[in-house]
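First the structure, in the form of C-alpha cells, and then the observations on it.
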Amino acid sequence: MANQKNKEEALNVEEVLSSSEAFILKNKKTIVGVIVTLVVIIAGIFAYNNLYKAPREKKANAALFKGEQYFEAGQYDLALNGDSIGYNGFLKVADEFSGTKAANLANAYAGLSYAHLGNNEEAVKLLDKFSANDEMIAPAIKGAMGNCYVELGDINKAISLLLSAAKEADNNTLSPVFLQQAGELLVKEGKYDEAIEAYQTIKDKYFRSYQSMDIDRFLQAAELLKNNK
C-alpha cells in the first residue's frame with residue numbers, strides 16, 4: 001500500500017511538473033517578453049534619473065546661481081532677463097530646464113523680480129507656477145501673490161491669499177505678518193468682525209511674534225470702527 005501511495009504521489013508530481021513545463025514552453029515568448037519589458041523599464045528609469053535628470057538638475061542649479069546673486073543685490077532686471085556675460089535670466093532658466101526643481105524656483109524668483117519692478121500682472125502669473133508644500137517658502141510665495149493683488153486692486157483676492165498663507169505657515173514668523181496685512185485690508189473693506197478675528201488670532205496664537213506687541217492698538221481701532229458704523 002505504501003509503495004502504491006508513493007508511486008501515485010510521484011506520478012502526481014510528475015504531472016504537475018509536466019504541466020508547468022508545458023505552460024512555460026507554450027508561453028515562453030510571452031514570459032521572456034514580459035521580463036525583457038520589465039528590464040527595459042527599470043533600466044530606462046535608472047538611466048533617466050542618473051544620466052539625464054540628475055545632470056540636468058545640476059546644470060539648472062548652476063544656471064540659477066548668478067540670478068540669485070543679482071536678485072539678492074536688488075538688480076531685478078538683470079536677474080530676470082540676464083546679462084551680456086553668460087547668464088540668461090530666470091525666465092530662460094525656467095523655460096529651458098522646465099520640470100526641474102531649479103526651474104520651479106526660477107519661476108518664484110522671476111515672479112518676485114517682476115513684483116519688485118512693479119509688473120504685478122506678470123508677477124502673479126509666474127508666482128502661481130511655483131509649487132511647494134513646505135511651511136515657509138510656499139506660504140511666503142502665496143503671501144507675495146496676495147500683496148501683488150493688492151497692487152492690482154483685487155482686494156478680496158488679496159485677503160483670501162493672505163489668510164490662506166497665514167494658515168499654511170502656522171508659525172510666529174510669517175502667519176502674524178499675513179494676518180495683520182489681511183486685517184488692515186478687511187478694515188478698509190468695512191469687514192470689521194473678520195479683521196478683529198485676524199487680529200485676535202495674532203494675540204491668542206502668535207503672542208510670541210513681533211506683531212503681537214502692538215496688536216491691541218489694531219484690535220481697539222477695529223472695534224471702535226465697528227461700534228461707530
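Where a number appears in this text, it was derived from the coordinates with a stated rule and is not lab data. These numbers were taken from a predicted model, which means no experiment stands behind them. Here the Cβ is made from the backbone with ideal geometry for all residues, glycine too, and neighbour counts use every protein chain on show.
Can you name the residue in region 49-84 that is in a loop (DSSP other than H, G, I, E, B) and polar (S, T, N, Q) and, of all such residues, is surrounded by the fewest Cβ atoms within 10 Å (Cβ to Cβ)?
Ser84
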Evaluate region 187-206: report whether one residue or more is farther than 18 Å from Asn147 by Cβ, in a loop (DSSP other than H, G, I, E, B) and of a type in the set (S, T, N, Q). no
inquiry  = Looking for something out of contact with any Asp or Glu (no Cβ under 6 Å at 6 or more places or on another chain) and within 25 Å of Glu223 (Cβ to Cβ) - is there at least one such residue anywhere in region 121-130?
reply    = no
Expected output for region 195-212 (first residue within 21 Å of Asn227 (Cβ to Cβ), partner acidic (Asp, Glu), Cβ below 7 Å, 6+ apart or cross-chain) is Ile196/Glu223
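Would you tally the residues in region 207-229 being outside any helix (DSSP H, G or I) and crowded, with 20+ Cβ neighbours inside 10 Å?
Selection size over region 207-229: 1.
Consider Ile155 carefully, then state whether it is β-branched (Val, Ile, Thr), within 20 Å of Tyr70 (Cβ to Cβ) and free of Cβ contacts under 8 Å to residues at least 60 places away in the same chain. Even if it seems obvious, please write down each step before you answer.
Details: β-branched (Val, Ile, Thr): yes; within 20 Å of Tyr70 (Cβ to Cβ): no; free of Cβ contacts under 8 Å to residues at least 60 places away in the same chain: yes.
No, not satisfied.
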Here the residues within region 90-143 that are over 16 Å from Glu57 (Cβ atoms) and of a type in the set (Phe, Trp, Tyr) are Phe90, Tyr109, Tyr114, Phe130
Has region 85-99 got any residue that is without any contact (Cβ under 8 Å) to a residue 12 or more places away in the chain, surrounded by fewer than 22 Cβ atoms within 10 Å (Cβ to Cβ) and of a type in the set (A, V, I, L, M, F, W, C)? yes
